[in-house]
1. Obtain the nm distance between the two label points defined at Phe39 and Thr68 by a simple spin-label model: each point lies 7 Å from its Cα along the Cα-to-C-beta direction.
2. For the pair Thr57 and Ser96, how long in nm is the line joining their label points, each one 7 Å along Cα→Cβ?
3. Each residue of region 49-57 in turn: what ³J(HN,Hα) in whole Hz from Karplus with 6.51, -1.76, 1.60 and θ = phi - 60°, glycine and Pro shown as x?
Amino acid sequence: MRDTLGKALWAVVIAAAIGLAPASAVMAQEKKVEINTSFTIRQILASFTGQRVAVKTVAGESIEGTVTSVGDHVVHISRLSGKEFYDAVVVIDRISTVVFRARGN
């Protein structure tokens, strides 16, 4: 009885793994990044909410982290690179560049 139960459990695990294979292949596909050249820095940052970006300020400082929220005048960037326990609030008008991952390997 115990041996049959063990085999049945393994059969369920293998079936689940096979069923998830196509889903993981879809998730592995590259996300196409489309940037409209008429977008403002605020709109670009808003489109990357929840994703990692690096912003460069007009003063030359680079800040990398996850875009948490975007307001009219500031952007909240969390989990800063190298300072994972810190967040930053950056004035959008002081951002000169937004760097993001556009493709995989």
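1. Computed distance between label sites Phe39 and Thr68 equals 2.2 nm.
2. That separation, rounded to one decimal, is 1.3 nm.
3. Each residue of region 49-57 in turn: 4, x, 10, 7, 9, 10, 10, 10, 7 Hz.
Throughout, read-outs are computed from the coordinates displayed, never taken from laboratory work. Not measured: the values here are computed from a predicted model. Ideal geometry is used to build each Cβ from the backbone, glycine not excepted, and the neighbour counts take in all protein chains shown.
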